[in-house]
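Read the structure below first, then the notes.
The values are calculated or read from the model by the stated rules, or taken from the named source; none is laboratory data. Remember, it's a predicted structure, so these values are computed and weren't measured experimentally. Note that each Cβ is placed from the backbone with ideal geometry, even for glycine, and that neighbours are counted across all protein chains shown. The accessibility values were calculated without ligands, DNA or RNA, using every heavy atom of the protein model including side chains. Shrake-Rupley method; radii C 1.70, N 1.55, O 1.52, S 1.80 Å.
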Amino acid sequence: MYSQVNISNYKALNFGAGPGKLPEEVLRQVQKELLEYSGTQVSILELSHRSPEFKNIIENAQETLREILYVPDNYKILFMQGGGTGLFAAIPLNMMNNGTADYIVTGTWSAKAAEEAAKYGKVNFVLPKTTKYMEIPDPSSWNLNPKASYVYYCANETIHGVEFNYIPETNGVPLVADMSSNILTRCLDISKFAVIFAGAQKNIGPAGVTLVIVRDDILGHAMDTCPTILDFTVMAKSNSIYNTPPVFQIYVVGLVFKWIKDRGGVEEMEKLAIMKSRKIYDVIKNSNGFYSCPVNPNARSRMNVPFRIATNNEELEKEFISSATARGLLQLKGHRSIGGIRVSLYNAVSVDEAEVLAAFMIRFFQNYGY
Ligand SMILES: *Cc1c(COP(=O)(O)O)cnc(C)c1O
């Protein structure tokens, strides 16, 4: 089946982890409109953030997101700066009201968030400490503090390929999720969350803007020392135009939301994410041990698939990457902290593209006699 796909017919395919692939249709529209935005006689890069046109852009982006992600009316949609990392500080600064918070650490990004939060209060580690992130321990073993200000987790650990396939139960404690690398790839009951945030550059747009979805009752409780620019309440009151927002980034993110809506919404993105990731995991499973994914099967990510080759054979992994790159299959190198290969399958990556990579992977292991 895989051999029917002719790799040479395809242009370069981008499997990068971030900044990740954006839809070609969106990039073409940006190109078309770049010199003059919608009759304004200036570029979107030169347009005032106080103009009616930009007001339209930001409101449309919010409205489209509300629609495709079913965001209830008692949540604000903010566009902030400082990346995902900025939010690691913003979360405790806005929410650590009683001095302690629970962190479910399942990979590099939640570990960094916990480290940042510890500057502002006490961090309770819900899981035993580890440096090998390969699973999500069963909730029955979690050490949750019922008095915590909030429970924090990372829905998809981009580096380790560890993804939650459920929403953690916190028994009424506000739940915070970093969804930087899997937002808009699975259907969600937003009402289960106090805050969801996502840096744009993995799945929804260019680097430089961070999406924040915050429930109204969270507003108004920031620490006195919270920098104005990280204060959810200030951002909500000004509809994210307190100071100059990342105008261009918000414009592109709005186009990506529209692109998702036009293609059947998050429901469709979820179906495709399942198909794409299954193709890659199936090749790994059927490679007679040539490829191996260290992550426990029930925590494997649909977005980022990390694997090693022939029991961590770094020479073969280099060969895999250079051979893939020569065929236009790009940005497959694993994160520098864990090595190996990493395939990222964000929304803009098509099922056909995943299939081309799967075919390449099969040919590669067959060449090595497995
Ligand atoms: C990339 C990433 C971050 C960090 O984002 P920056 O915008 O680089 O600060 C945080 N969390 C997750 C899950 C990520 O993938």
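In table form, for the structure just shown:
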{"item": "Charge dipole magnitude, Cβ of K and R +1, D and E -1 - the chain, Cα centre, debye nearest 20", "result": "660 debye"}
{"item": "Value of Rg/Rh across region 265-367 [Cα atoms, Kirkwood radius]", "result": "0.94"}
{"item": "Span-rule helices in the chain, defined as complete DSSP H runs reaching 20 Å or more along the axis (Cα) with Kyte mean at least -1.0", "result": "52-68, 247-262, 265-285, 351-367"}
{"item": "Three-way shape call for region 152-280 based on the alpha-carbon gyration tensor, with the a/c threshold at 1.5", "result": "oblate"}
{"item": "DSSP beta bridge pairing in the chain, given as percent antiparallel to the nearest 5", "result": "55 percent"}
{"item": "Exposure of S191 as accessible area (Å², to 10), given a probe of 1.4 Å and all protein chains", "result": "70 Å²"}
{"item": "Global geometry of region 141-221, whether rounded, prolate or oblate, following the gyration tensor of its Cα atoms and the 1.5 cut on a/c", "result": "oblate"}
{"item": "The chain - mean residue ellipticity at 222 nm from DSSP helices (-39,500 (n - 2.57) per run, n ≥ 4, rounded to 500)", "result": "-10500 deg cm²/dmol"}
{"item": "Region 118-138 and region 152-200: distance between their alpha carbon centers, rounded to Å", "result": "16 Å"}
{"item": "FRET E, pair N56, S350, Förster distance 41 Å, beta-carbon r, rounded to 0.05", "result": "0.85"}
{"item": "Selected from A326, S140, N165, residue furthest toward positive end of dipole (the chain; charges at beta carbon)", "result": "A326"}
{"item": "Average Cα contact separation per residue, the chain, under 8 Å, 6 or more apart, as relative contact order %", "result": "25 percent"}
{"item": "Carbon/sulfur fraction of accessible area - the chain, other protein chains in place, 1.4 Å, %", "result": "50 percent"}
{"item": "Trypsin sites (Lys or Arg not before Pro) lying in DSSP loop within region 317-346, provided at most 11 other Cβ fall within 10 Å", "result": "R336"}
{"item": "Using θ = phi - 60° and Karplus 6.51 cos²θ - 1.76 cosθ + 1.60, couplings along region 291-308 (whole Hz; Gly, Pro as x)", "result": "9, 9, 9, x, 7, 3, x, 7, 10, 6, 7, 7, 9, 10, 10, x, 8, 10"}
{"item": "Gyration tensor (Cα) of region 27-263, equivalent ellipsoid semi-axes in angstrom", "result": "32, 19, 15"}
{"item": "Loop trypsin sites (Lys or Arg not before Pro), region 48-126 (other Cβ atoms within 10 Å of the site Cβ: 11 or fewer; DSSP)", "result": "R50, K119"}
{"item": "Among F125, F232, L78 - extreme Cα towards positive end, dipole of the chain, charges at beta-carbon", "result": "F125"}
{"item": "Region 65-172: proportion of alpha-carbon pairs further apart than 24 angstrom, %", "result": "27 percent"}
{"item": "Within region 66-175, GluC sites (Glu not before Pro) in DSSP loop having at most 14 other beta-carbon neighbours inside 10 Å", "result": "E169"}
{"item": "Surface per residue (accessible, 1.4 Å probe) for the chain, Å²", "result": "44 Å²"}
